[in-house]
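**Student:** After the structure tokens below, expect a handful of questions from me.
The values are calculated or read from the model by the stated rules, or taken from the named source; none is laboratory data. Quantities reported herein were computed from a predicted structural model and do not represent experimental measurements. Neighbour counts run over all protein chains shown; Cβ positions are idealised from the backbone, glycine included.
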């Protein structure tokens with residue numbers, strides 16, 4: 001077990017690599033997990049893999065690492081909810097989440113969302129910080145629901161109600 005709780009099957013929407021290179025801090029790759037379309041109160045999960053030859057400092061992870069921007073001026077920091085690493089500490093996987101805008105996904109939330117790493121937040125053990133960078137995007141597309149109108153038989157005074165004895169000619 002890798003230390004993460006089991007999740008039901010979800011659809012991967014986006015994977016984008018952003019590398020910082022040089023003496024900058026850790027590089028980052030994001031994977032966004034969200035149903036397509038998302039369930040009403042389902043949180044979007046962001047799994048970020050950080051890599052650095054000097055080791056990724058786990059004490060630098062917090063709730064201001066990732067900023068999510070989207071339609072209708074949506075902007076929110078993702079909450080760090082767990083992490084794991086390889087033995088050397090040169091790769092660390094951190095899970096973040098955001099709740100849906102307004103608490104529930106609806107058609108007003110449709111559009112493209114951007115995942116950004118906030119600069120100066122994630123460090124390696126040589127005290128180099130990752131720069132601000134766009135890690136990726138994901139799209140929410142909730143279709144308009146079309147409900148079938150139920151057909152119900154209504155008896156009116158003009159319609160005789162038949163009795164079983166009438167049916168049997170008794």
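**Student:** I'd like the full set of residues that are without any contact (Cβ under 8 Å) to a residue 60 or more places away in the chain, surrounded by 17 or more Cβ atoms within 10 Å (Cβ to Cβ) and more than 15 Å from the chain's Cα centre (by Cα), limited to the range 52-72.
**Tutor:** 65
**Student:** Would you confirm, using the coordinates I've provided, whether residue 49 is out of contact with any strand residue (DSSP E or B) (no Cβ under 8 Å at 6 or more places or on another chain) and surrounded by fewer than 19 Cβ atoms within 10 Å (Cβ to Cβ)?
**Tutor:** It is false that residue 49 is out of contact with any strand residue (DSSP E or B) (no Cβ under 8 Å at 6 or more places or on another chain) and surrounded by fewer than 19 Cβ atoms within 10 Å (Cβ to Cβ).
**Student:** How many residues are in contact with a strand residue (DSSP E or B) (Cβ under 7 Å, 6 or more places away or on another chain) and surrounded by 18 or more Cβ atoms within 10 Å (Cβ to Cβ) when one looks only at the range 98-115?
**Tutor:** Total meeting the criteria: 6.
**Student:** I'd like to check something: does the range 16-34 contain any residue that is at pLDDT below 90, more than 15 Å from the chain's Cα centre (by Cα), surrounded by 17 or more Cβ atoms within 10 Å (Cβ to Cβ) and part of a loop (DSSP other than H, G, I, E, B)?
**Tutor:** Yes: one or more hits.
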